[in-house]
Amino acid sequence: MVQAFLRYAGAMLTRILHVLLALAAVAGFLFSAVSTSDFTAHLDRQVHGIHCSFVPGADTPDVSGSSGCHATLMSPYSSVMRDTVWGGIPVSLPSMAVFAYLLVCALAILVLRKPDDPRATGYQWLAWTLPFLTSCVFGYLSLHELDAACKLCIGIYTASTVGFLLAGVTFFAARVAASSRITLGDDLDDLGSAETALDERVVDARTARALPEAETQLERSEIAADQTIDETSKADIELDEPPRRKVRLATASEMDRRIRSVNAGNRRRREESPTSAPDAPTGFGVLALAFVAGLAFVIVPVVAYAAQAPDFERFVGACGTLAHPEDEGHVLVPLGSQTREVTMLEVLDPLCPSCRGFERRFSQHPAAEQVSRRVLLFPLDAECNRMLTTSLHPGACAISEAVLCAEEDADEVLAWAFDHQEEIREAETASAGAARRMASERFPSLRSCIGSANVRAELNRSLRWAVANQLPVLTPQVYVNETRICDEDTDLGLDYVLTRLTSRAGGAR
């Protein structure tokens, strides 16, 4: 009774574990699906809000671009094949396919009643290692490279980790159950041997009943002699001893019936026991087919996505050129080597979040080592920019002056400004002049230059250069050999467009 209860409890536990595995796969699929949906929304080359919640799709899309999900989605790690497909193929797409496959695996094991099969559960555990290891890699990149916490990504990482651990538990539980079945099978073999021995004893009993007639007659004579005992002695014996019940030996037919009943009961118990007749383990051929099916789950949607991706080749170089690219007033700030054939100009505001995002994306692109790069400072701050009536990025004028003062070390000041954008803007909003004080404290050698008449005049010339080239009041703006990259292509489409523009510019020379 106790053993039967334990077997039943173990079977229920393995089923519950597989249901939890299926739920983990569903959760991973939903988080991946929301991320894929946000990514594909940008295929129209417009700006869209991005979901960022631990409840997939339940929040209002964020359009500010300040969330960790936005930083992750716009990073170089969110997609692959960006040089070939506009925006690339989002990594969340094969993630959806993998979780869908894992859901099918869990349901198949339940339907086919294989939760106690070490091969099936071992294969399932091996399949879960793919999203688990991938989550470890992308989690590291998110925290150490992007310094961003993406809630959708964290949901995927959690689902992968929980699924991996549950799959491991189901595998070891299946191994324990398999060992129990082997022990029970040995016990049943011993029971069969006992039945065989009992049958042999029955045969011996039947042989004993077939004694020679002479022996039988002798026994009858001895019984008759015993019956001639003196009646008085018999009476005394009856007074001294209690009456004995006469024992009757079972006949051969009765013995046969009893043996058949015992054997039938044993067979019935073996048939009714859920572990007495274990199923054969899953064949390696079946597992190979399951692996091929898993590849199909991933390859088919990826190929379909790449085949259906829009062709934006016609937009490359279609957004205009610089009207007066010459730099007679030396207002363009050089960054890095200036000896490369292809040139790139970036119009930026040092306190612009979009400019910071562009800088981080561009630094990861191979073209960063192929172009001579210059910067035009265009602060969106009404303190120095008369094209504005309201400051979009308070403090940008002071930080732009610091960049101009730094000259050859301009990239160091820019890097500091990008890392402390929010802090500088908030300080300047709370107290006028805070941005200038912060820059002077961080770079003491520039204290006398920041705010001086000379650097203010130089910054004014930069703004006049922007007016002469009829630049829109917008940052960032990027030009490759005087050809503008469309604003819609400075985020997800940057690799696609930049690769083509640099290739054209290099070939033209």
Residue identified as under 16 Å from Ile485 (Cα atoms) and out of contact with any His (no Cβ under 7 Å at 6 or more places or on another chain) among Glu346, Glu369: Glu346
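Yes/no matrix, rows are residues, columns are (1) within 47 Å of the chain's Cα centre (by Cα); (2) closer than 21 Å to Ser66 by Cβ:
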site: Ser391; (1), (2): yes, yes
site: Glu407; (1), (2): yes, no
site: Phe418; (1), (2): yes, yes
site: Ser431; (1), (2): yes, no
site: Ser462; (1), (2): no, no
site: Val467; (1), (2): no, no
Qualifying residue in region 350-361 (condition: touching an Asp or Glu at 6+ places or on another chain (Cβ under 7 Å), crowded, with 24+ Cβ neighbours inside 10 Å and in the same structural domain as Val497 (by TED's automatic domain parsing)): yes
Matching option when the condition is modelled with pLDDT of 85 or more and among the β-branched types (Val, Ile, Thr), among Val63, Val80, Val47, Val2: Val80
Residue satisfying all of: in region 343-389; acidic (Asp, Glu) and under 16 Å from Arg436 (Cα atoms); nearest to the chain's Cα centre (by Cα) among these: Asp349
Count of residues meeting criterion [within 18 Å of Leu335 (Cβ to Cβ) and surrounded by fewer than 13 Cβ atoms within 10 Å (Cβ to Cβ)] in region 416-458: 1
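Looking only at region 371-389, which residues are surrounded by fewer than 18 Cβ atoms within 10 Å (Cβ to Cβ) and in contact with a strand residue (DSSP E or B) (Cβ under 6 Å, 6 or more places away or on another chain)?
Applying the first criterion (surrounded by fewer than 18 Cβ atoms within 10 Å (Cβ to Cβ)) to region 371-389 yields 372, 382-383, 386-389.
Correct list: Ser372 only.
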Pairs where the first residue, in region 23-48, is within 22 Å of Gly87 (Cβ to Cβ) and touching a residue at least 12 places away in the same chain (Cβ under 8 Å) and the second is among the hydroxyl-bearing types (Ser, Thr, Tyr) and crowded, with 19+ Cβ neighbours inside 10 Å, C-beta under 6 Å, 6+ apart: Ser32/Ser92; Ser32/Ser95; Ser35/Ser92; Thr36/Ser92
Region 287-341 - residue that is touching a Phe, Trp or Tyr at 6+ places or on another chain (Cβ under 7 Å) and of a type outside the set (Gly, Ala, Ser) and, of those, farthest from Glu458 (Cα to Cα): Leu287
Lone unmet requirement of (1) aliphatic (A, V, I, L, M); (2) without any contact (Cβ under 8 Å) to a residue 40 or more places away in the chain; (3) in contact with a strand residue (DSSP E or B) (Cβ under 7 Å, 6 or more places away or on another chain) for Ala434: (3)
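The values are calculated or read from the model by the stated rules, or taken from the named source; none is laboratory data. Please read these numbers as outputs of a predicted model, since none were measured by experiment. Note: ideal-geometry Cβ built from the backbone for every residue, glycine included; neighbour counts use all protein chains shown.
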